[in-house]
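The values are calculated or read from the model by the stated rules, or taken from the named source; none is laboratory data. This structure is a prediction, so every number in the text was calculated from the model and none was measured. Please note: Cβ atoms are built from the backbone with ideal geometry, for glycine as well, and neighbour counts cover all protein chains shown.
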Amino acid sequence: MAEVLPVRGLLYDPARAGRFDDLVAPPYDVISESDRAALEAKSPFNIVRVDLPQGNREEKYRNAARELRRWIEEGILRRDRAPAFYRYHQIFSLAGRQHTRKGFIGRIRLRRFEERVVLPHERTLSGPRLDRLELSRACRTNLSQVFGLYSDPAGTVDAEFGPLDSAAPAIEARLGVVVHRIWRLTDVAAHQRIAAAMAEKKVYIADGHHRYETMLAIRDELRPQARSPRSSIEYGSMFLTAMEDPGLVILPTHRVVHGLPQFQLPRFLERLRPRFEVEKLSAASVGDLRTALARRDRSFLLASGGEVMLLSLQPGAEQAVAGPEPLRGLDVPILHALILEEILGIDRAAQERQTNLRYVKDFDAALEESRRPDVQAVFLLNPTRIAQLKAVADAGEVMPQKSTFFFPKLASGLVLDPIDPLEEA
């Protein structure tokens with residue numbers, strides 16, 4: 001099953017680079033132009049300069065590689081002397097409660113999805129894959145981690161990090177409302193126990209499908225240069241956390257349908273009714289809307305034309321969704337198959353291009369979108385549950401892109417992992 005190894009990470013030296021608060025960044029795919037400018041203004045060494053470089057076409061990748069090389073030569077980034085599993089905590093508040101998500105960063109032997117060791121749960125988009133591939137070719141470094149999940153009800157793996165959790169962290173960085181903490185576990189015996197426990201497990205990708213596919217592509221390209229089946233190119237950089245971790249939070253991503261010239265709400269509702277119960281929610285507050293949605297499975301809210309309705313799938317109607325049972329019972333595949341594709345005509349190719357469809361994570365912002373004149377409909381969803389994600393992946397299926405939003409995102413720039421075909425992992 002999963003083969004995990006410690007890694008000699010490439011980390012910022014705060015004596016030369018400055019405060020970690022000024023060095024780390026969110027993942028590249030959630031950074032706007034204004035966000036990038038703000039991050040760059042924090043420090044000349046902020047990781048965004050490499051992870052989301054500026055420039056035209058191939059030039060930006062050359063810029064990233066040149067900047068990364070300079071930081072290493074000047075000691076801004078230094079390679080750790082001893083291999084480590086890096087304990088990683090994320091402390092954050094949500095809905096008035098404080099949470100701590102715990103896991104560890106290490107290397108994992110790359111496996112194609114058909115090998116059924118590392119499993120995806122949602123479809124990906126072609127644009128981000130190509131961008132990450134070009135950046136990896138230029139920099140030969142994993143700048144951030146893929147987020148993976150494993151099942152460990154007994155907490156065997158987590159227990160190995162227990163003594164570290166009460167010690168002072170080696171790194172602490174605040175990014176927005178989230179505090180990120182890193183410790184080094186360098187004990188060789190603990191490494192062996194963790195590797196032995198993980199060898200019995202499958203790993204499920206929570207976030208970073210594009211980056212995982214990129215690591216596979218780079219591995220295949222560099223294999224002719226490797227001298228050993230344990231070359232570092234055979235391993236990817238991953239953050240791993242247990243599915244049972246109490247700090248693991250999944251939020252929904254809502255769908256905004258726009259720019260459909262022939263859309264008429266009465267006709268749309270008429271076409272919905274054979275498969276969905278439609279309940280109008282008159283004069284409901286935002287809190288009431290959230291509560292009404294949370295009480296129903298296989299349901300979502302429709303905001304359109306100044307009205308909000310609760311759409312609930314009729315018993316048996318899930319059989320019209322293609323795929324095995326785990327997929328047919330999930331809100332996002334039901335929405336995509338029976339409404340976006342079948343009724344509105346937004347097929348998978350259009351979804352990938354985000355034609356007539358965009359994604360909004362915030363509930364209130366999604367409702368606000370429904371008031372725009374170019375928006376025909378907004379669909380607000382409940383979050384996908386961990387058990388549902390696992391069931392879909394185990395069945396060899398994938399959900400539509402953006403079916404899950406694991407909150408918070410991992411920080412980029414905490415632990416970098418060089419890609420060197422001549423280096424033994």
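Any residue that is within 26 Å of D374 (Cβ to Cβ) and among the charged types (D, E, K, R) - is there at least one of those in region 310-323?
Of all residues in region 310-323, those within 26 Å of D374 (Cβ to Cβ) come to 310-311.
Next, from what is left, pick out any that are among the charged types (D, E, K, R): none.
No: region 310-323 contains no residue that is within 26 Å of D374 (Cβ to Cβ) and among the charged types (D, E, K, R).
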Taking first residues from region 414-425 that are touching a residue at least 24 places away in the same chain (Cβ under 8 Å) and acidic (D, E) and second residues anywhere that are assigned to a loop (DSSP other than H, G, I, E, B) and crowded, with 20+ Cβ neighbours inside 10 Å, the pairs with Cβ under 9 Å that are 6 or more apart or on different chains are D417/G9; D417/L143; D417/Q145
Is it fair to say L340 is surrounded by 21 or more Cβ atoms within 10 Å (Cβ to Cβ), outside the structural domain of S232 (by TED's automatic domain parsing) and either in contact (Cβ under 8 Å) with a residue 60 or more places away in the chain or assigned to a helix (DSSP H, G or I) (or both)? yes
Residues within region 363-377 that are touching a residue at least 12 places away in the same chain (Cβ under 8 Å), surrounded by fewer than 19 Cβ atoms within 10 Å (Cβ to Cβ) and in a loop (DSSP other than H, G, I, E, B), tallied: 3
From the option list E33, E40, E3, E74, single residue qualifying as farther than 30 Å from V157 by Cα and touching a residue at least 12 places away in the same chain (Cβ under 8 Å) is E74
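Name every residue in region 133-163 that is over 22 Å from A195 (Cα atoms), in contact with an Asp or Glu (Cβ under 8 Å, 6 or more places away or on another chain) and not acidic (D, E), in order of residue number. I'd like the intermediate steps shown before the answer.
First pass over region 133-163, keeping only residues over 22 Å from A195 (Cα atoms): 133-141, 143.
From what is left, the residues that are in contact with an Asp or Glu (Cβ under 8 Å, 6 or more places away or on another chain) are 134-135, 137, 140-141, 143.
Correct list: L135, R137, R140, T141, L143.
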Hey, any hits in region 385-393 for a residue that's in a helix (DSSP H, G or I), under 16 Å from L251 (Cβ atoms) and among the polar types (S, T, N, Q)? yes
Across region 193-211, which residue is nearest to A242 (Cα to Cα) among those that are modelled with pLDDT under 95 and assigned to a helix (DSSP H, G or I)? H209
Out of all the residues in region 2-24, which are out of contact with any strand residue (DSSP E or B) (no Cβ under 7 Å at 6 or more places or on another chain) and surrounded by 20 or more Cβ atoms within 10 Å (Cβ to Cβ)? A17
Is there any pair linking a residue in region 275-287 that is in the same structural domain as D331 (by TED's automatic domain parsing) to one that is modelled with pLDDT of 95 or more and small (G, A, S), with Cβ under 8 Å and at least six apart or on different chains, and which? F276/S312; E277/S312; E279/S312
For residues in region 305-333 being aliphatic (A, V, I, L, M) and under 17 Å from A387 (Cα atoms), which is modelled with the lowest pLDDT? L327
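Identify all residues within region 217-262 that are closer than 26 Å to H336 by Cβ, among the hydrophobic types (A, V, I, L, M, F, W, C) and more than 15 Å from the chain's Cα centre (by Cα); write none if there are none. Spell out how you get there, then give the answer.
Residues of region 217-262 that are closer than 26 Å to H336 by Cβ, as a first pass: 243, 248-262.
Imposing the further condition that a residue be among the hydrophobic types (A, V, I, L, M, F, W, C) reduces the set to 243, 248-251, 256-257, 260.
Listed by number, the residues that qualify are V256, V257, L260.
Is there a residue being small (G, A, S) and closer than 24 Å to G396 by Cα anywhere in region 166-174?
Looking only at region 166-174, we keep the residues that are small (G, A, S), and these are 166-168, 170, 173.
Subsequent filtering for residues that are closer than 24 Å to G396 by Cα retains none.
Checked against the condition, which is being small (G, A, S) and closer than 24 Å to G396 by Cα, region 166-174 yields no hits at all.
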Take the residues in region 263-287 that are over 33 Å from the mean Cα position of the chain (by Cα) and of a type in the set (G, A, S), then tell me which one is farthest from D331 (Cα to Cα). A283
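Which of the residues that make up region 70-100 are under 20 Å from R49 (Cβ atoms) and among the charged types (D, E, K, R)? It would help to see each step written out before you state the result.
The first filter runs over region 70-100 and keeps only residues under 20 Å from R49 (Cβ atoms), leaving 70-79.
Across region 70-100, the qualifying residues are R70, E73, E74, R78, R79.
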Residue count, region 165-193, condition in contact (Cβ under 8 Å) with a residue 60 or more places away in the chain, in contact with a strand residue (DSSP E or B) (Cβ under 7 Å, 6 or more places away or on another chain) and of a type outside the set (D, E), comes to 14
